[in-house]
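*Asks:* Below is one structure. I have some questions about it.
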Amino acid sequence: MLRNFLKISVRNLIRNKTYSVINILGLSIGMACSILIFLFIFDELSYDKYHENSDDIYRVGINANFGGNDITAYISGMPLGDAFVNEIPEVTSSVRVVKMSFESNESVINHDNKTFMERNLFYTDSTFITIFDVEFIEGDPNRCLHLPYQIVITESVSKKYFGKENPVGKSLNISGEEYLISGLIKDCPPNSHFNYTILISLVSTEYVDYSTWLANDMSYTYLLLDKKSSVDKVVKKMNDMAIMQAEKELETSFGIDLKSFYESGNYFKYMLQALTDIHLHSHTDFEIEANSNIDYVYIFSVIALFILIVACINFMSLSTARSAKRAKEVGIRKVVGARKSIIFKQFLVESIVISFISLFIAMIIVESVLPFFNNFISKELSVGYSKNIYVIPVLIILAVIVGLFSGIYSASSLSSIKILSVIKGSFYSDKNNSWFRNGLVIFQFTVSIILFISTFIIYSQLSYIKNKDIGFERNDVLIINKAYYLKDEYRSFKQELEKNSIISGVTFSSTLPGKAFSGFPIMVEGDNSNTTYVPREILTDYDFADLYKLKIKEGRLFSKEFAADSFSIILNESAVKEFGLKEPVVGQRIISSFDNNTRYWKIIGVVENFNFRSLHQTVGSIVILPNRRNAEYISVKFNGNLDSDKVELVKVIWEKFVLDSPFDYSILEDDFANMHIEEFKTGEL
């Protein structure tokens with residue numbers, strides 16, 4: 001009987017070519033769109049799950065409050081990991097991960113008299129290889145990253161610098177130091193919350209000897225817990241240890257005891273975050289890389305289902321529209337003795353056949369557009385027919401479900417036609433199910449309108465991000481990274497740039513919006529509560545505020561004419577409010593004290609708030625200090641639009657002054673946009 005059903009189905013498809021093409025293409029495109037979106041969703045949900053111990057790996061975070069300033073971040077002090085392993089039985093191992101270049105995420109590599117910029121280099125402990133799944137190609141995993149100046153490189157890095165040669169035993173010059181290659185590993189899987197290219201032994205740096213718990217050291221600490229351990233109990237033990245250590249360091253570094261610290265409303269505690277939660281659930285300061293958002297997974301899941309349902313409803317509507325032609329066929333079959341159940345099954349089989357044909361075409365569409373789709377969303381998605389045994393069964397189930405859902409209404413409607421109705425022709429005016437058919441059409445229009453409105457809202461949000469007044473000038477500003485390579489030549493470099501009429505200003509700073517900001521523990525002179533505040537700090541040249549057009553609200557900006565400005569400070573409005581300063585603010589003093597070194601900073605000005613962080617976050621407190629050390633970043637402001645010719649001009653001048661580092665730059669507007677990269681990707685998708 002099934003064979004007969006299939007034969008009839010094929011004949012009907014061939015006989016009604018236009019109907020078949022419209023139905024199959026509609027269903028194919030709907031299925032293809034949904035499959036592409038589900039590939040994206042499954043990839044988002046798969047992050048870090050490829051590690052064998054993924055369910056037992058946790059990242060250490062800090063939740064603290066200093067003077068009303070909440071700090072939540074997953075960075076920690078260097079001694080934490082080893083201390084927890086030694087004192088907490090449930091913690092079986094730990095590893096520390098530190099970016100080699102925290103500012104620009106790029107490092108200078110010299111090889112064969114050529115200079116390169118390499119991304120994603122990390123200092124780490126030898127336990128990295130045992131906690132995380134790392135696949136070795138060459139080298140002994142048990143002897144890697146134990147000694148100073150050892151590195152492990154990925155396959156792509158090896159091909160870049162050594163071609164097909166075995167790199168183990170050779171060396172690379174990284175930032176002026178020679179590192180011995182002790183291992184060759186497979187490239188980091190793309191579905192990892194951070195992607196590494198080169199791993200460097202942490203014992204190569206002075207970081208390894210840092211012993212403070214309160215300092216974050218920009219270190220990411222991961223713990224491997226025993227499978228039977230309770231995370232809540234581990235966190236409690238961690239905080240018990242932290243209290244003992246914090247008490248010592250508070251008295252030494254800040255001159256206050258633990259009791260006074262808590263009485264001032266401050267607190268300090270550790271927390272653990274599951275490795276598999278990082279990519280979709282972690283949105284704090286100082287993330288290793290920009291993470292995605294679980295909300296996007298929910299949104300796209302709904303969109304994919306809506307698209308598939310709309311395609312199925314379209315199938316139902318077209319099938320119902322053809323009922324007039326099929327009614328006579330049903331009537332004749334019933335006259336010769338066909339039962340309703342047999343006719344119902346036949347139409348259902350026809351629907352499933354169309355669904356399987358549509359799936360086949362949908363997969364051709366998916367495979368054809370997948371390279372462009374990957375390039376569009378910056379991922380490496382694949383269907384993985386051979387890699388995952390569930391793919392083909394899931395696709396078959398999808399085709400069956402779509403076929404049943406699409407065909408069950410039309411099959412039920414057509415198989416219910418009565419012989420007498422066919423003879424009288426009254427089935428044309430059958431209105432018993434007209435409300436259902438109308439409902440389907442209304443649902444299609446409703447979903448389409450919702451998607452159009454949603455698209456418009458997302459577009460409006462992206463336009464808001466691009467055009468919002470963020471409190472500083474961000475257009476046509478070129479940022480030179482690793483400006484410290486200029487050393488004492490900065491002033492000469494600046495003067496050389498300013499000779500060009502197309503450049504309106506040059507300044508340097510320790511950080512910039514879109515980059516990492518460090519904290520600056522301070523107290524307010526005359527505050528009897530001895531409250532400690534930790535605003536973000538930025539060290540700048542004298543003309544920084546002028547170039548970025550920061551709006552002065554009270555007082556003045558830094559000036560070369562005032563020698564005393566080397567110990568002056570500028571606050572933003574949020575800092576004034578947080579510190580509880582009364583007007584006039586200018587003239588009051590701020591006290592910084594660290595390692596028994598106390599300094600008094602005179603407030604000379606207050607600037608209006610500017611968005612130095614993502615628009616997701618409130619504008620926090622920030623203090624601007626005069627820079628008395630080498631610059632991290634140089635900002636070059638141009639007259640008119642910034643283009644490739646102007647970038648080349650700056651590059652040529654840079655190469656006159658710096659021979660041992662390539663010209664590493666970015667565009668300020670792009671840096672700011674990168675803080676909202678997931679929003680822009682979502683909007684485009």
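The values are calculated or read from the model by the stated rules, or taken from the named source; none is laboratory data. As the structure is a prediction and not an experimental result, all values here were calculated from the model. Cβ coordinates were reconstructed from backbone atoms using ideal geometry, including for glycine residues, and neighbour counts include every protein chain displayed. With ligands, DNA and RNA removed, areas are computed over all heavy atoms of the protein, side chains included. Shrake-Rupley method; radii C 1.70, N 1.55, O 1.52, S 1.80 Å.
*Asks:* Kindly check whether there is at least one residue in the range 216-234 that is among the aliphatic types (A, V, I, L, M), farther than 25 Å from Ser282 by Cα, in contact with a strand residue (DSSP E or B) (Cβ under 6 Å, 6 or more places away or on another chain) and crowded, with 16+ Cβ neighbours inside 10 Å.
*Replies:* Looking for residues that are among the aliphatic types (A, V, I, L, M), farther than 25 Å from Ser282 by Cα, in contact with a strand residue (DSSP E or B) (Cβ under 6 Å, 6 or more places away or on another chain) and crowded, with 16+ Cβ neighbours inside 10 Å, one finds none in the range 216-234, hence no.
Each row is one residue, and each column tells you yes or no for (1) outside any helix (DSSP H, G or I); (2) open to solvent by 80 Å² or more (accessible area, probe 1.4 Å).
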residue	(1), (2)
His146	yes, yes
Val152	yes, no
Val157	no, no
Glu165	yes, yes
Asn173	yes, no
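*Asks:* Quick one: which residue in Ser661, Ser635 is of a type in the set (S, T, N, Q), within 17 Å of Glu106 (Cβ to Cβ) and surrounded by 14 or more Cβ atoms within 10 Å (Cβ to Cβ)?
*Replies:* Working: Ser635 fails: within 17 Å of Glu106 (Cβ to Cβ).
So the residue among Ser661, Ser635 that is of a type in the set (S, T, N, Q), within 17 Å of Glu106 (Cβ to Cβ) and surrounded by 14 or more Cβ atoms within 10 Å (Cβ to Cβ) is Ser661.
*Asks:* Out of all the residues in the range 509-523, is one or more under 29 Å from the mean Cα position of the chain (by Cα), assigned to a strand (DSSP E or B) and in contact (Cβ under 8 Å) with a residue 40 or more places away in the chain?
*Replies:* Yes, the range 509-523 contains at least one residue that is under 29 Å from the mean Cα position of the chain (by Cα), assigned to a strand (DSSP E or B) and in contact (Cβ under 8 Å) with a residue 40 or more places away in the chain.
*Asks:* I need a count of the residues in the range 273-286 that are open to solvent by 30 Å² or more (accessible area, probe 1.4 Å) and at pLDDT 85 or above.
*Replies:* Going through the range 273-286 one residue at a time, the tally reaches 3.
*Asks:* What is the number of the single condition among (1) modelled with pLDDT under 80; (2) farther than 24 Å from Gly683 by Cβ; (3) among the charged types (D, E, K, R) that Asp469 does not meet?
*Replies:* (2)
*Asks:* Now for a separate question. Scan Ile442, Ile538 and give me the residue that is outside any loop (DSSP other than H, G, I, E, B) and open to solvent by less than 20 Å² (accessible area, probe 1.4 Å). Working first, answer last.
*Replies:* Working: Ile442 fails: open to solvent by less than 20 Å² (accessible area, probe 1.4 Å).
Every option except Ile538 fails the conditions.
*Asks:* Could you list all residues from the range 629-649 that are more than 18 Å from Tyr548 (Cβ to Cβ) and of a type in the set (A, V, I, L, M)?
*Replies:* Matches in the range 629-649: Val647, Leu649.
*Asks:* Only one residue in Glu52, Glu44 is among the charged types (D, E, K, R) and open to solvent by less than 30 Å² (accessible area, probe 1.4 Å), so which one is that?
*Replies:* Numbers: Glu52 fails: open to solvent by less than 30 Å² (accessible area, probe 1.4 Å).
Sole residue among the options that is among the charged types (D, E, K, R) and open to solvent by less than 30 Å² (accessible area, probe 1.4 Å): Glu44.
*Asks:* Could we say that Ser386 is small (Gly, Ala, Ser), surrounded by fewer than 17 Cβ atoms within 10 Å (Cβ to Cβ), at pLDDT 85 or above and within 47 Å of the chain's Cα centre (by Cα) here? I'd like the intermediate steps shown before the answer.
*Replies:* Numbers: small (Gly, Ala, Ser): yes; surrounded by fewer than 17 Cβ atoms within 10 Å (Cβ to Cβ): yes; at pLDDT 85 or above: no; within 47 Å of the chain's Cα centre (by Cα): yes.
Criteria not met by Ser386.
*Asks:* So which residues in the range 455-496 are in contact (Cβ under 8 Å) with a residue 24 or more places away in the chain and of a type in the set (Phe, Trp, Tyr)?
*Replies:* If the condition is that a residue be in contact (Cβ under 8 Å) with a residue 24 or more places away in the chain and of a type in the set (Phe, Trp, Tyr), then Tyr459, Phe472, Tyr484, Tyr485, Tyr490, Phe493 are the ones that fit.
*Asks:* Here's a check for you: in the range 417-439, which residue that is part of a loop (DSSP other than H, G, I, E, B) and open to solvent by 50 Å² or more (accessible area, probe 1.4 Å) is modelled with the highest pLDDT?
*Replies:* Keep residues of the range 417-439 that are part of a loop (DSSP other than H, G, I, E, B), which gives 417-418, 425, 430-433.
Pick out the ones that are also open to solvent by 50 Å² or more (accessible area, probe 1.4 Å) and you get 418, 430-433.
Working: Lys418: 64, Asp430: 52, Lys431: 54, Asn432: 53, Asn433: 58.
Step by step, filter the range 417-439, then rank; the result is Lys418.
*Asks:* Further question on the same structure: For the range 453-484, how many residues meet the condition of being among the aromatic types (Phe, Trp, Tyr) and buried (at least 19 other Cβ atoms within 10 Å of the Cβ)?
*Replies:* Going through the range 453-484, the residues among the aromatic types (Phe, Trp, Tyr) turn out to be 456, 459, 464, 472, 484.
Now drop any that are not buried (at least 19 other Cβ atoms within 10 Å of the Cβ), which leaves 472.
Adding up the residues that qualify gives 1.
*Asks:* Filtering the range 541-580 down to residues that are on the phi > 0 side of the Ramachandran plot and surrounded by fewer than 17 Cβ atoms within 10 Å (Cβ to Cβ), which residue is nearest to the chain's Cα centre (by Cα)?
*Replies:* Ranking the candidates gives Lys549 first.
*Asks:* Which ranges mark the helices (runs of 4 or more DSSP H) fully within the range 203-319 that have 3 or more residues being among the aliphatic types (A, V, I, L, M), within 30 Å of Glu90 (Cα to Cα) and without any contact (Cβ under 8 Å) to a residue 60 or more places away in the chain? Give the steps one after another, and end with the answer.
*Replies:* Numbers: elements: 231-249, 258-263, 278-281.
Correct list: 231-249.
*Asks:* Follow-up question, since we're still on this one. I need the full set of residues from the range 128-144 which are under 27 Å from the mean Cα position of the chain (by Cα) and open to solvent by 40 Å² or more (accessible area, probe 1.4 Å), in order please. Walk me through how you get there before you give the answer.
*Replies:* The initial filter retains those residues of the range 128-144 that are under 27 Å from the mean Cα position of the chain (by Cα), namely 128-135.
Listed by number, the residues that qualify are Thr130, Asp133, Glu135.
*Asks:* Also, quick follow-up: How many residues are part of a helix (DSSP H, G or I) and either under 24 Å from the mean Cα position of the chain (by Cα) or under 16 Å from Lys637 (Cα atoms) (or both) if we restrict to the range 459-489?
*Replies:* Our first condition is that a residue be part of a helix (DSSP H, G or I); within the range 459-489, this holds for 459-467, 483-489.
Then keep just the ones that are either under 24 Å from the mean Cα position of the chain (by Cα) or under 16 Å from Lys637 (Cα atoms) (or both); that gives 459-467, 483.
So the count comes out to 10.
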